[in-house]
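Novice: This structure is in structure tokens; I'll ask about it shortly.
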Amino acid sequence: MANKNTNFKNRLVLCLAHRPLQPNELDNLISEAVTSSHNYKAELEQEQAKGLHASTDNEQKENTPNTSTTQIEMSASYKNSNPTVHCLITGSPDVSAPGKSFDDWETRWTPGERILSKFIEKIGLQNFHRLPKQGEVRLNGKLVDVKQKNFEIYTSEVEQLMKEYTWIAENVKQHFNLYATKAVSEAVVLCPSRFEGDNEEMVDLAHMLQEIFDQEWTKKEGPLHGVVVKVKTVGC
């Protein structure tokens, strides 16, 4: 199903990094998130360049009888828009301070915050524009806190994974429903391949994730409706 909003084709990168990983596994996952974000940004910059070029041509032809109102409106939309690559990283918010029975939120970074900072360091803080110039492609970074212990009540590992990733999909969808003003046309979901086939009960993780995000994003109304989701597993 194609996205209904053809003027603003934002992109989304979701990196599932909240489960415990070895340093090299996390580095590879974050590196893939950086690469995917850069690729999406480059695609949007090319689209903007084409749109702005068409905008200039239409402005020059504005007074000619052959230029339609639709052409003028579409070219203006490129000039006034700031396409966005949404970069979402899942991470744990749990930080237990020594000698305390509660999480310490004030004096220590959470594991999720450390992962997000690693991503920002690799992609470059300068790529995140608080006030982008007219027509400039912007990156929007966000941490999605996932408390893995909330899903440990399920004895089946497959069921635990399904509930966990479904919650993530729903949480992201709700965030976009509340705050996004423009539709997203394409998304890539990155996950560690280490969780594929960990035991006899495990199913194809990529297939599971594809079904979950198609159901929760593509088929539901909102800014993610119709989004094309690509699931990619990242190895060591």
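Novice: Can you tell me which residue among 133, 219, 230, 147 is surrounded by fewer than 16 Cβ atoms within 10 Å (Cβ to Cβ) and under 16 Å from residue 17 (Cα atoms)?
Specialist: Details: 133 fails: under 16 Å from residue 17 (Cα atoms); 219 fails: under 16 Å from residue 17 (Cα atoms); 230 fails: under 16 Å from residue 17 (Cα atoms).
Going through 133, 219, 230, 147 in turn, just one is surrounded by fewer than 16 Cβ atoms within 10 Å (Cβ to Cβ) and under 16 Å from residue 17 (Cα atoms): 147.
Novice: Considering every residue within the stretch 154-171, establish whether at least one is in contact with a Lys or Arg (Cβ under 9 Å, 6 or more places away or on another chain) and at pLDDT below 90.
Specialist: Yes.
Novice: Considering (1) of a type in the set (S, T, N, Q); (2) over 19 Å from residue 89 (Cα atoms); (3) touching a strand residue (DSSP E or B) at 6+ places or on another chain (Cβ under 9 Å), say which one residue 127 fails and leave the rest.
Specialist: Among (1) of a type in the set (S, T, N, Q); (2) over 19 Å from residue 89 (Cα atoms); (3) touching a strand residue (DSSP E or B) at 6+ places or on another chain (Cβ under 9 Å), the lone unmet condition for residue 127 is (2).
Novice: Which condition does residue 204 not pass, out of (1) at pLDDT below 95; (2) under 22 Å from residue 137 (Cα atoms), if it passes all the others?
Specialist: Result: residue 204 fails condition (2) only.
Novice: Another one. Which one of these does residue 222 not meet: (1) modelled with pLDDT under 95; (2) not in a loop (DSSP other than H, G, I, E, B)?
Specialist: Tallying (1) modelled with pLDDT under 95; (2) not in a loop (DSSP other than H, G, I, E, B), residue 222 fails exactly one: (2).
Novice: Would you check if there is a residue in the stretch 1-9 being at pLDDT 60 or above and surrounded by 15 or more Cβ atoms within 10 Å (Cβ to Cβ)?
Specialist: Our first condition is that a residue be at pLDDT 60 or above; within the stretch 1-9, this holds for 9.
Adding the requirement that they be surrounded by 15 or more Cβ atoms within 10 Å (Cβ to Cβ) leaves 9.
Yes, the conditions are met somewhere in the stretch 1-9.
Novice: May I ask you to list the residues in the stretch 208-236 that are within 25 Å of residue 31 (Cα to Cα) and among the β-branched types (Val, Ile, Thr)?
Specialist: 212, 227, 228, 229, 231, 233, 234
Novice: Inside the stretch 15-40, can you point out the residues that are under 16 Å from residue 88 (Cβ atoms) and touching a strand residue (DSSP E or B) at 6+ places or on another chain (Cβ under 8 Å)?
Specialist: 15, 16, 17, 18, 19, 29, 30, 32, 33, 36, 37, 40, listed by residue number.
The values are calculated or read from the model by the stated rules, or taken from the named source; none is laboratory data. What you see is a predicted model; the values in this text were computed from it and never measured. Note: ideal-geometry Cβ built from the backbone for every residue, glycine included; neighbour counts use all protein chains shown.
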